1. Considering only residues that are without any contact (Cβ under 8 Å) to a residue 40 or more places away in the chain and closer than 21 Å to F72 by Cβ, which ones fall in the range 288-304?
2. Are any residues in the range 102-121 over 17 Å from G209 (Cα atoms) and surrounded by 14 or more Cβ atoms within 10 Å (Cβ to Cβ), and if so, which ones?
3. Among the listed residues G77, G48, identify the single one that is at pLDDT below 80 and buried (at least 19 other Cβ atoms within 10 Å of the Cβ).
4. Say we look at the range 181-195 and pick out the residues that are surrounded by fewer than 24 Cβ atoms within 10 Å (Cβ to Cβ) and assigned to a helix (DSSP H, G or I); which of these is farthest from the chain's Cα centre (by Cα)?
5. If I ask for residues that are modelled with pLDDT of 80 or more and surrounded by fewer than 23 Cβ atoms within 10 Å (Cβ to Cβ), which ones from the range 159-176 would you list?
6. What number goes with the only condition from (1) touching a Lys or Arg at 6+ places or on another chain (Cβ under 8 Å); (2) over 22 Å from K239 (Cα atoms); (3) not β-branched (V, I, T) that A280 does not pass?
7. When A17 is evaluated against the numbered criteria (1) open to solvent by 10 Å² or more (accessible area, probe 1.4 Å); (2) at pLDDT below 75, which criterion, by number, is the only one it fails?
8. Within the range 141-156, track down each residue that is of a type outside the set (S, T, N, Q), assigned to a helix (DSSP H, G or I) and free of Cβ contacts under 8 Å to residues at least 40 places away in the same chain.
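The values are calculated or read from the model by the stated rules, or taken from the named source; none is laboratory data. Predicted model only: the values in this text are computed from it and were never measured. All Cβ positions, even for glycine, are placed from backbone atoms using ideal geometry, and neighbour counts span all protein chains on display. Ligands, DNA and RNA are stripped out before the accessible areas are found, and what is left, the full protein with its side chains, is counted by its heavy atoms. Shrake-Rupley method; radii C 1.70, N 1.55, O 1.52, S 1.80 Å.
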Amino acid sequence: MKLLELIKKGNASSLYAVLGNLFLVVFKGIAAFLSGSGAMFAEAMHTGADAVNQLFVFIGSILAERKPTTRFPSGFGRVINVFCMGAVIIITILAYETILEGVRLIRNPVSIGGLWLIVLSLGVSIAIDGYVLFKAMHEILKETRTEGNGFGIIANALKNVNRASPATRLVFYEDLVATSGAILALVAILVSHFTPIKVMDGIAAIIIGLMMGGVAFRVGYDNMVGLIGVSAPKEVEDKVSQIIFSVPEVTDINKMRILQEGRFYHVESYIELVPGLTLAQADDIKLKIRDLLLASEDVTDVTLGIIEDTGVRDWQKISAK
């Protein structure tokens, strides 16, 4: 039962991506084999990498949802970063192989056959990858507590993608490349088939390989930072400070550190209270603030210290929005 509950908490975007890519990798693989197209080969390789990667990421997102234990009191938020780093290795290897195939086809262009199958497979790919990309955008808005309608969904997703969970970021970047790569491959194959410019097939394969490498670098960097330990974005810090200042007895925040663990946050802070409170009163206020912070879905751990007001302003108070 507990396992089923954890699976339900797994990253939805990566699950959609796994299901879509498992179907596409077979379709594209057959099209690449029958047509001899380098761009189609690049697309099959990319989709295969995506399917494996996002399966890893989905498993990692499930494990990251486990509650803290006595042995691991900080929880398992960074587990997803480890799985994403494994995905980066796979993307890098397949990007290298794709670029090599593109170079080979530029040196020795081949005729492309089975055009109808290529157009069909790439059309289906654009539709499925586009749908998964759209779902990933919605997941970004959900995780970052933002909203958007129409083109505003795209704008807000691009603006807030760095605040989303590592799994959602990986799916977003990969399917952004997958959708644009499928469009590029389709254009290159049509040009190679209907014009004398046969090298376009190989050029497209190289570009797709380089795009895969770009995704690997970006995702690798984000997850390396996550494994080292990174502070929360300014928006999260402002939100936490607003919650703390919402308690009337709080006069100042002496110090505060918010550490990001996956898509969750650990808050450590020293809070100044009005003078004259008893120890019991101060302790009750501390517990009240802790409960308010833990009520936020993004905060999983809170450590607070209480000191008397020093009379010196340490924290710039944020007005509630």
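1. R290, L294, E297, V302, T303, listed by residue number.
2. Listed by number, the residues that qualify are P109, V110, I112, G114, L115, L117, I118, V119, S121.
3. Within the list G77, G48, the selection yields G77.
4. Restricting to residues being surrounded by fewer than 24 Cβ atoms within 10 Å (Cβ to Cβ) and assigned to a helix (DSSP H, G or I), the top hit is F194.
5. Answer for the range 159-176, where residues must be modelled with pLDDT of 80 or more and surrounded by fewer than 23 Cβ atoms within 10 Å (Cβ to Cβ): K159, N160, V161, Y173, L176.
6. (1)
7. The one condition A17 does not meet is (1).
8. L141, K142, F151, G152, I153, I154, A155
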